[in-house]
Amino acid sequence: MSDASRLVRSLREHGVEVTENAAWTAAYSSDASLYRVPPLAVAFPRSHEQAAAAVGACSGLGVPVTARGGGTSVAGNAVGPGLVVDFSRYLNRVLEVDGGSRTAVVQAGVVQSSLQQQVAGLGLRFGPDPSTHTRCTIGGMIGNDACGARSLAYGRTSDNVVGLRLVGADGRTFTTGYDAAGRPQVDGADDLSARLRLLVEKDLAIVRTQFGRFRRHVSGYGLHHLAPERGRDLTRMLVGSEATLALTTEATVTLVPDPAHRALVVVAFDSLASAGDAIPEVLRVAPSACEGLDARIVDVVRRRKGDAAVPPLPEGKAWLLVELSGDDLVEVLLRARDLEKSGLGVSARLIEEPTEADALWRVREDGAGLAGRAPSGRPAHAGWEDAAVPPARLGEYLRGFESLLLEHGLTAMPFGHFGEGCIHVRLDFALEDEHGPDRLRRFVEAASDLVVEFGGSNSGEHGDGRARSELLAKMYSPEALRLMRSVKQVFDPANLLNPGVLVDPASLDVDLRAAAPRAALPPLAMAYSDDDGDLAQAVHRCTGVGKCRADNRSSGGVMCPSYAATKDEVHSTRGRARILQEVVSGSSELTWSSPEVHDALDLCLSCKGCASDCPTGIDIATYKSEVLFQTYRRRLRPVTHYSLGWLPRWVRLASRAPTVANAVMARPALGAMALRLAGVDDRRTMPTLARTPFRRSARLDPDSIEDDRRPVVLFVDTFTDSFRPRTGHAALRLLRDAGYAPQVVRRQGCCGLTLITTGQLDAARRRLSRTIDSLLPFADDGVPIIGLEPSCTAVLRHDAVELLATSAARTVASMTHTLAELLERTQGWTPPDLTGLDVTVQPHCHHHAVMGWDADQRLLEAAGAQVHRVPGCCGMAGNFGVERGHYEISRAVAEQSLLPALQASVGRTATTRIVLADGFSCQTQIEDLAGAEARHLADVLADGVPDGRPIGRAGSQEGRRMRIGGELE
Ligand SMILES: Cc1cc2nc3c(=O)[nH]c(=O)nc-3n(C[C@H](O)[C@H](O)[C@H](O)COP(=O)(O)OP(=O)(O)OC[C@H]3O[C@@H](n4cnc5c(N)ncnc54)[C@H](O)[C@@H]3O)c2cc1C
């Protein structure tokens, strides 16, 4: 029996949920670091007792244990070769909140922002706020002694924890905390306390001089907390020990009042080092945050997210974002104005508008993920990402650091917690090159020497993990290292807790994920143009920041609906990326066709949410298509690839005799059989075919085009053509009203979306190439091409370029627009008056990801409508939601935002309420799950266009749906 099987059997005997599935171990093989250490198995305890049993079982078997929360550690702190214990899956509740004592008792897997939300009603917050606060857990924060931009005000996690419930290396449980007089206490581990006391007393001088020298001295154990003058405080010492001494199952944390007012002053400098020089001046105004930002990061944000993502900044090459806070608005503003007018830097600006301030904080928060590409254009890596020096020496250190980069031929975009002397940076070590790991080692050793020269700490925030534990020997004397080893011996004599971290460190240049071997890949279907045509580089875009595990709805995001529904790491963008990294490296048993790989990708909705919402720009939908292509090339495919993948063909055939086709589908036995054969879930309704497809009824005569009208091409998608011609007619009317002469291209062809999502990429390429050829003459002449179905428009804008990689595809992409994009910039046209109209909108996920929905929002608002935008995906995402086996997930996704939003709209008192969804699949989902009709933007706007021709469906059955075997609804 293998080690993994023995472990799994033992844990199951204790009732602990555990898996050794290769996809799951791949998904947990890395965190947000460079390292890849596949575990034997992953366990998901549901209680303190189960966690203790799991660790006890590992102790008995001699298997290492690594605790894991959100897995957002950047230094390889949360990866290990034995059992990974995931606390985030079930142990994620806030157990108690006491507003009087301002404390909360939480399970280790509670996400920071979830705790925040649950105490906000009391005007309280948990102080430390890492950039990853939307997905990092309190247990993980305890592991790393995490903090964030506001550590100037709230300190580190160790300053905010007053009690721990712990599991020791042998599975024993103990607690630490404070008595009523505030004296540190330990319960259940007197032997440990006594031995620690002896150790510390012997080496008091070392404890007092080498540990805890400044606020961001994070590297190494916090042994200074064990000094007698600090009350031998085991709670605070254990915080930051990176799960090498004990595992936390519950914590009592302190809460602080959230200041009533905040003001943000942005101070510009001519260089990052000058910003560093200014820190002592800035600290005089007692800011709650002081963050440094480099112009290169701001440029990346503008490039990736558009100019609108970055509010106007005072002219400069680097900025300090200085936040002042307090309960007295006048006092806060006075301090802010003083700073603005102090003459610091090149110029300064007080940002008074909270939305503008939020947008700037978002730029800063996304900085780490966006810095995944260096200024050189090469992938940029963690490894030396959070060193800190005493703040007074920051400017000097930054100059030294810039020289070091030059010396090593590296480029970077530094940013970080300047007020605390902590610099974040990602570097373009070419890890995939033969000498990449050597270069990494040479650089970090030199950088550590530089930090030590300035009295700093290799880590000022993220901890040592595998990236920096080896470098502790540069920061500490041999005696201090010996003391740390002795402390580890007291807690974990067999070295089973997170081995390789802090004591007896793993080598910093082994187990590097990006340096993993590359399997020889077959010819690829997609171009991967942003990744030099290299799929390995593309899937390695995922650095593990874990934003896919966050609830991204508050920022209007879509990513990652399947993770949100299942809470399984393998169904997160990151989990899938990790699995694909294994496939392209060939370093595990996983291959293109492994069932584990397909299971993990099966629940990917292909919504493309990650392509826009993940700061690294990873695009799992595209990779899923590639995997399906590589797996089923010239092989028998799943039935849905033939039924739904070829849907446009079947629809075209059926449209030749729509009445017969509709009648067949309405017959219970025949309809149900057809659906079953097609692999469609029988809870889905079928759209009825229009009696006259749009193309036939459009009556478009090129001769009728008036000379003074500007030509536009209306791209006719299958859905508009066969199921909702009225939307096509509405668009025609609207375009004519806006002064255009809309044309339909005679032999236009379809976009091949359903072939792309089912991985039939050779067929998709053939089809798309004909379509592009038919559109090219218009695009070449500068005629805009307008798509009505967002997913088809997105194919023309993006996938066609990736699949065909031709200049023709690029030209067509550049001329393809959504209706709103065109109308918004049409001079002399004003939208119809929609004042008072209450519009609940479900933007199609591809619309959000590829084109962005902002133009639609602006257009509707300019028309006077009250717009209620539903965040997230509707759950249908093209063919995903209708396929058998996906109904439950599809519904669960809809239940997150769409269905509650529809419910909420009913409660509003507007005179006219409508639901708007351009995507045919979104319309289907809304009708199937809520029984509501959703209209297209063209329908809504055209209603207000006064040309007297009816567009509605009076007298026809167009747009109506039927339940199989049922009546028309
Ligand atoms: C883009 C980005 C930005 C970041 N910004 C910040 C920042 O501003 N400030 C900051 O401090 N960090 C930051 N980090 C690092 C990281 O997100 C934080 O340290 C975070 O608190 C880790 O929490 P987690 O739940 O993801 O923990 P994990 O990564 O899962 O684990 C962290 C450590 O804690 C241990 N651990 C996990 N659970 C437990 C437990 N129950 N008991 C004991 N030990 C446990 C793990 O073994 C590991 O050693 C950032 C990371 C990224 C990718």
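The values are calculated or read from the model by the stated rules, or taken from the named source; none is laboratory data. Predicted model, so just to flag it, every value in this text is computed and none were measured. Please note: Cβ atoms are built from the backbone with ideal geometry, for glycine as well, and neighbour counts cover all protein chains shown. Surface accessibility is based on the protein's heavy atoms, side chains included, excluding ligands, DNA and RNA. Shrake-Rupley method; radii C 1.70, N 1.55, O 1.52, S 1.80 Å.
Tally Lys/Arg at +1 and Asp/Glu at -1 over every other residue whose Cβ is under 15 Å from the Cβ of Q117; what's the total?
+1
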Inset, instruction - Could you state the accessible area per residue of the stretch 48-101 in Å², with a 1.4 Å probe and every protein chain left in place? - result: 29
Inset, instruction - Averaged over every viewing direction, what's the projected area of the C-alpha convex hull for the stretch 322-450? Give it in nm², one decimal, please. - result: 9.4
Inset, instruction - Note down the nm distance, to one decimal, between modelled labels 7 Å out along Cα→Cβ at W829 and at T911. - result: 2.7
Legend entry - Helical contribution to [θ] at 222 nm, DSSP H n ≥ 4, -39,500 (n - 2.57), averaged over the chain, rounded to 500: -11000 deg cm²/dmol
Legend entry - Once the Cα gyration tensor of the chain is diagonalised, semi-axes √(5λ) in Å: 52, 32, 26
Inset, instruction - Would you mind telling me the antiparallel percentage of the DSSP bridges in the chain, rounded to 5? - result: 70
Inset, instruction - Taking the Cα centre of the chain as origin, work out the dipole magnitude from +1 charges on Lys and Arg Cβ and -1 charges on Asp and Glu Cβ, in debye rounded to 20. - result: 2320
Inset, instruction - Pull out the extension gain between S529 and E17, defined as 0.36 nm times the separation in residues minus the alpha carbon to alpha carbon distance; nm, one decimal. - result: 180.2 nm
Inset, instruction - Between R691 and S555, take the C-beta separation as r, use R0 = 25 Å, and let me know the FRET efficiency to the nearest 0.05. - result: 0.05
Inset, instruction - Express in nm, to one decimal, how much length is gained between R770 and A286 on full extension, taking 0.36 nm for each residue of separation and deducting their alpha carbon distance. - result: 167.8 nm
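Tell me, in nm to one decimal, what length is gained between A309 and L122 on full extension, where the rule is 0.36 nm per residue of separation less the Cα-Cα distance? Spell out each step's value before the answer.
Values: separation 187, 0.36 × 187 = 67.32 nm, distance 3.20 nm.
Extra length available between A309 and L122 comes to 64.1 nm.
When only Cα pairs under 8 Å and 6 or more residues apart are kept, what is the percent relative contact order across the stretch 778-936?
On the way: 246 pairs, mean separation 36.8, N = 159.
It comes to 23 percent, rounded to a whole number.
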Legend entry - Calculated log₁₀ intensity ratio I(q)/I(0) where the Debye formula runs over C-alpha points of the stretch 1-153, q = 0.12, 0.18, 0.21 Å⁻¹: -0.53, -1.02, -1.25
Legend entry - Relative packing of peptides 504-513, 92-101, 112-121 - highest average C-beta neighbours within 10 Å first: 504-513, 112-121, 92-101
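Can you pull the percent of the chain's accessible area that's carbon plus sulfur, 1.4 Å probe, other chains left in place?
The value for the chain is 50 percent carbon and sulfur by accessible area.
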Inset, instruction - Can you tell me which of 330-342, 135-147, 899-911 comes out highest on packing, and rank the rest after it, using the mean Cβ neighbours within 10 Å? - result: 135-147, 330-342, 899-911
Inset, instruction - Would you list which lysines come within 28 Å of K624, measuring only between C-alpha atoms, while excluding same-chain residues fewer than 8 positions from it? - result: K305, K547, K567, K608
Legend entry - Cα centroid separation - the stretch 836-908 against the stretch 318-370, whole Å: 34
Legend entry - Efficiency of FRET between K202 and S5 - r from beta-carbon atoms, R0 41 angstrom, step 0.05: 0.40
Legend entry - Sequence-separation-based contact order of the stretch 3-53, relative, with Cα cut under 8 Å and 6+ spacing, percent: 39
Inset, instruction - Find the relative contact order for the chain and round it to a whole percent, using C-alpha pairs within less than 8 Å whose residues are 6+ positions apart. - result: 10
Legend entry - Protection proxy ranking of 411-419, 223-231 - average other beta-carbon atoms within 10 Å, highest first: 411-419, 223-231
Inset, instruction - May I ask you to give the solvent-accessible area per residue for the stretch 854-895, in square angstrom, as obtained with a 1.4 angstrom probe? - result: 36
Inset, instruction - Would you calculate the volume per residue, in Å³, of the smallest convex hull containing every Cα atom of the stretch 520-563? - result: 123
Inset, instruction - Extending each Cα 7 Å along its Cβ direction at R747 and V256, get the distance between those two points in nm, one decimal. - result: 7.1
Inset, instruction - May I ask for the angle, rounded to the nearest 10°, between helix 295-305 and the longest principal axis of the chain, with both axes built from Cα atoms and the value confined to 0 to 90°? - result: 30
Inset, instruction - Could you work out how far helix 48-61 tilts from the main Cα principal axis of the chain, as a 0 to 90 degree angle to the nearest 10? - result: 70
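Using a 1.4 angstrom probe, figure out how much accessible area the stretch 126-266 has per residue, in square angstrom, rounded to the nearest whole. Walk me through the intermediate numbers first.
Details: 4820 Å² over 141 residues.
Heavy-atom SASA per residue in the stretch 126-266 reads 34 Å².
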Legend entry - Degrees between helix 920-930 axis and first principal axis of the chain (Cα, 0 to 90, nearest 10): 80
Legend entry - Pairwise FRET efficiency - T411 versus W646, Cβ, R0 = 56 Å, nearest 0.05: 0.70
